[in-house]
1. Determine ³J(HN,Hα), in whole Hz, for all residues of segment 261-266 in sequence, where each value follows from phi through the Karplus function 6.51 cos²θ - 1.76 cosθ + 1.60 and θ = phi - 60°; x replaces Gly and Pro.
2. Could you list the square roots of 5 times each eigenvalue of the Cα gyration tensor of segment 172-277, that is, the equivalent ellipsoid semi-axes, sorted largest first and rounded to whole Å?
3. With a Förster radius of 45 Å, plug the Cβ-Cβ distance of GLU222 and ASP139 into 1/(1 + (r/R0)^6) and report the FRET value to the nearest 0.05.
4. What are the ³J(HN,Hα) values, in whole Hz, obtained from phi via the Karplus relation 6.51 cos²θ - 1.76 cosθ + 1.60 with θ = phi - 60°, for each residue of segment 243-254 in sequence order, with x given for Gly and Pro?
5. Could you give the dipole magnitude of segment 172-277 about its Cα centre, charging the beta-carbon of Lys and Arg +1 and that of Asp and Glu -1, in debye to the nearest 20?
6. Give the peptides 108-120, 226-238 in descending order of average Cβ contacts within 10 Å, highest first.
7. How long is the gain from ILE6 to ARG207 if the chain were fully straight, where each residue apart is worth 0.36 nm and the alpha carbon distance is subtracted?
8. For ASN119 and ASN25, calculate 0.36 nm times their separation in residues minus their Cα-Cα distance, and state this gained length in nm to one decimal.
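Throughout, read-outs are computed from the coordinates displayed, never taken from laboratory work. Please read all numbers here as calculations on a predicted model, not as lab measurements. Methodologically, a virtual Cβ is constructed for each residue, glycine included, from the backbone with ideal geometry; neighbour enumeration extends over all protein chains shown.
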Amino acid sequence: MQPATIKLFLVHGSPNGLRIAELSNWSGKAIAAPRTEISALIKREELSSPGFYLLTGVDPESGDRALYIGEAENVANRLKNHASKDFWNSATVFVSKDENLTKAHIRYLEGILIDKALNNGSSVLMNAVSSGAKLPESDAAEMNVFLEKCLQLLPVLGVPEFSEKIDQISESKDLLYCKIKGLTASGKRTANGFIVFAGSQAVLEHRASAKVVRAKREMLMEKGSLEKSDNHLVFVKDVEFGSPSTAGSVVRGGSTNGLTSWKNSKGIQLKTIAESDT
């Protein structure tokens, strides 16, 4: 991504409240707010325009971050329809300042974001199907540039789901390992938590008391991120977790202290590494 200057306006003065984000020389605008300020959000004039939006919160079943991606020709009206959904606690909306976004444009953007969220797998996606839209080549190129700017703003507004994952090879010197019963998983701490890399191994059986971990592992298997291989499980794609402990618990099949179970190639615990960095 290119360097950018972000203008962030706190409407009510609170850094976590209703806020508007813009980039220099960009026709788009982002408006974000916690659910407690949704009434103020939907009263914004910008939300009567076409746009796409993201609802973020916590999945009640797994406890993981949850994400809903949608689009509407009138975003305010659509957000009102989401009042019955209880998982989300914040909303982020993207519109165009020059009112040049069409229905086809926002359907195209929604489709790309859903695909990105599915491939990233760091959150539970509450809607995995998009109507999508095909655009003329010139329009698609323009929307790809528009989306790149949106992706720059999302982490600033508290939506990290689309941040690029770490390249395992280029960062191999910083890899951490979690070992159990002859099995090995590799990973690395990230800005959003901890990523376990594809090819990592995990125990086949979970502990009887590990109800939350069991649900998490079963969900990963349903999504195709974790598969059975002989007498163990294997990660078939990179998976990012909220913490080293969650990652270690999935690998070991039960509650685990990630600060002590993850170690570097010299056997030094993550806890010690973190302490030496401070």
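1. Along segment 261-266, the couplings run 7, 8, 9, 7, 5, 9 Hz.
2. Working: eigenvalues 92, 37, 34 Å².
They are 21, 14, 13 Å, listed largest first.
3. Values: r = 36 Å, r/R0 = 0.80.
In this case the efficiency is close to 0.80.
4. 7, x, 5, 5, 4, x, 5, 5, 5, 8, x, x
5. Numbers: 17 positive and 10 negative charges, 47 e Å.
Computed charge dipole of segment 172-277: roughly 220 debye.
6. On the way: 108-120: 18.9, 226-238: 15.8.
Peptide ranking by packing, descending: 108-120, 226-238.
7. Details: separation 201, 0.36 × 201 = 72.36 nm, distance 4.75 nm.
Difference between extended and current length: 67.6 nm.
8. Length gained between ASN119 and ASN25: 30.8 nm.
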